[in-house]
Amino acid sequence: MSRILAFLLPLALWQALTGLGLVAPFILPAPVDVARVLWTEAAVIVPHAGVTLREVLTGLALGLALGVSLAVAMALSSFLSRLLGPLLSASQALPVFVLAPVLTLWLGYGLGPKVAMVVLLVVFPVASGLYDGLCATPEPVRDLARITRAHPLRALIWLRLPHALPHLGAGLRIAVTYAPTGAVIGEWVGASKGLGYLMLMANARMRTELMFAALIVIVAMTLVLNLATSRALRRFGM
Amino acid sequence: MSVARLQGRVILADRVLVSGLDLRLAPGWTCLLGASGAGKSTLLRLLAGLPTAARLEGARVAPDRIGWMAQSDLLQPRLSVLGNLRLMARLRGETLSAPRAEALLAEVGLAGRGAASPADLSGGERQRLALARTLSEEAPLVALDEPFSALDVPTRAMMHELAHARLAGRAVVMVTHDPQEALRLGAQILALRGGEVVHLPALPGPHPVDLADPALARAAAALVAQMRGAAA
């Protein structure tokens, strides 16, 4: 009930604000107009959404693989953890978004820079979350590995990784929230497809309602990704 | 016949924690008593070759394979009962055959429960599974760090009997703070007192001593009195 209210209340406020003529439609279009555009221009919006979704999912998959690999490598080797740990933290001091023009310069205007952007946003929460989890194996549990003189890789698979899964889950939840933003910003810098591109194009043509429609699709995509991730993680007890 | 031996002294932060140490373990149960912080668990970990804050100045002779049971059952919640039973073999890179696993489960009264989750087991069943996991090691030396201290009294008594029967023929060393438990199980009873290991009289067998045996209650009371006298 409160959930529905949290959704309906801002919507009603928005409709009232625009319906009363307090704000010009080219500044803030009425929600009904945005809804109408979502319906009538679906044929335009859906292919762009498909492009963005592909960038997001590819970036998530690659970022997850890279983040997990980094965390595992750091957990297995103190040398690598000393080497990569500070590097990983330092990479967070740099706002990833400022790299968008550089990535476009290096990787062109296609899928590459957008996926790279998503990867950069996903790697840190995944790697640092999983690494923290791998380092937090309770001492009594590690004793089982010591008493059997288990190979570090076996201890990782059978003892450390299962205990670190909730940490990985927390990192992944954050990553999934950031991923669409990364793709859209990548598209703003240089693209001919995708929801970010559609927003810029609609803006240039003063089609504010189309811009808002694209925005709503981005929000919906993020919410659905979040929900699906949460469901999947819960299934695995993460 | 000695299965393991620990000799020398134990140093903790430049202080001698235990001196004049000469611990010899033969097949049968040795129980190690002592007040909290006396260093019982440290001694056990040193014997098992596990890391501690303290270090041994002396000699350690111990078999390659050592069974280990800790205060908590250390069951892995993401593994099934069978998965937990196979854990030690997996950590060693070996395999525990299905018939052997089933036989071990039967030995601790968990036959047919292999597919269950540890979350579905009672406290006693969890500790029985931990015992089966320890048995799967087939180690000549088994180190127990107060594994039964968290169990209720009837379950603990049942675990004493089960563990004693299943670990027969091996050198077992158990740390406990319960004199009755030590007397019930131990063929050799040691106490850490004032930085030294002292031998205390054990009850004549057979072990585990019947809980209804008046000698057990008498000996336990005497031991408690002695420990209080030493502490005062």
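The values are calculated or read from the model by the stated rules, or taken from the named source; none is laboratory data. What you see is a predicted model; the values in this text were computed from it and never measured. For neighbour counting, all protein chains shown are included, and Cβ atoms are generated from backbone atoms with ideal geometry for every residue, glycine included. Surface accessibility is based on the protein's heavy atoms, side chains included, excluding ligands, DNA and RNA. Shrake-Rupley method; radii C 1.70, N 1.55, O 1.52, S 1.80 Å.
Observations on the structure shown:
- If only the Cβ of Lys and Arg carry +1 and only the Cβ of Asp and Glu carry -1, the dipole of region B:1-158 around its Cα centre is close to 280 debye.
- Derived scalar couplings between HN and Hα for region B:104-112 equal 5, 4, 5, 4, 9, x, 10, 4, x Hz in order, rounded to whole Hz, by the Karplus curve 6.51 cos²θ - 1.76 cosθ + 1.60 (θ = phi - 60°), x for Gly and Pro.
- Where both bridge residues fall in chain B, DSSP classifies roughly 50% of the beta bridges as antiparallel.
- The Kirkwood radius of region B:15-131, taken over pairs of alpha-carbon atoms, gives through the Stokes-Einstein law at 10 °C and 1.306 mPa s a diffusion coefficient of 95 µm² s⁻¹.
- Separation between Cα centres of region A:82-135 and region A:173-238, rounded to whole Å: 18
- Percent of alpha-carbon pairs separated by more than 29 Å within chain B: 29
- When A:His167, A:His151 are compared by accessible area at a 1.4 angstrom probe, the order from most to least is A:His151, A:His167.
- At least 24 Å along the helix axis (C-alpha) and Kyte average at least -1.0, DSSP helices within chain A: A:2-19, A:42-76, A:111-135, A:161-189, A:208-235
- Per-residue accessible area (protein heavy atoms, 1.4 Å probe) orders B:Ser149, A:Ser2 as A:Ser2, B:Ser149, starting from the largest.
- At 1.002 mPa s and 20 °C, Stokes diffusion of region A:87-188 via Kirkwood alpha-carbon radius, µm² per second: 140
- Converting the Cα gyration tensor eigenvalues of chain A into ellipsoid dimensions via √(5λ) gives semi-axes, longest first, of 42, 21, 13 Å.
- Here is the interface size for A with B: some 1800 Å² of accessible area buried, both sides summed, with a 1.4 Å probe.
- CD proxy at 222 nm, helix term only [per DSSP H run n ≥ 4: -39500 (n - 2.57); per residue of chain B; nearest 500]: -11000 deg cm²/dmol
- Rounded to the nearest 500, the 222 nm mean residue ellipticity of chain A from helices alone is -27000 deg cm²/dmol, with -39,500 (n - 2.57) taken per DSSP H run of at least 4 residues.
- Accessible area in the full protein assembly, largest first, 1.4 Å probe, for A:Asp33, B:Asp73: A:Asp33, B:Asp73
- Top positive-direction residue, dipole computed over the protein assembly as shown with Cβ charges, set A:Ala6, B:Leu203, A:Pro95: A:Pro95
- What a 1.4 Å probe finds exposed on region A:91-163 is 70% carbon and sulfur by accessible area, rounded to a whole percent.
- Note on A:Lys193: accessible area is roughly 120 Å² with a 1.4 Å probe, heavy atoms of protein only.
- For region A:155-218, the convex hull drawn through the C-alpha positions has a volume of 94 cubic angstrom per residue.
- Equivalent ellipsoid, the protein assembly as shown (semi-axes from 5 times Cα gyration tensor eigenvalues, Å): 64, 24, 20
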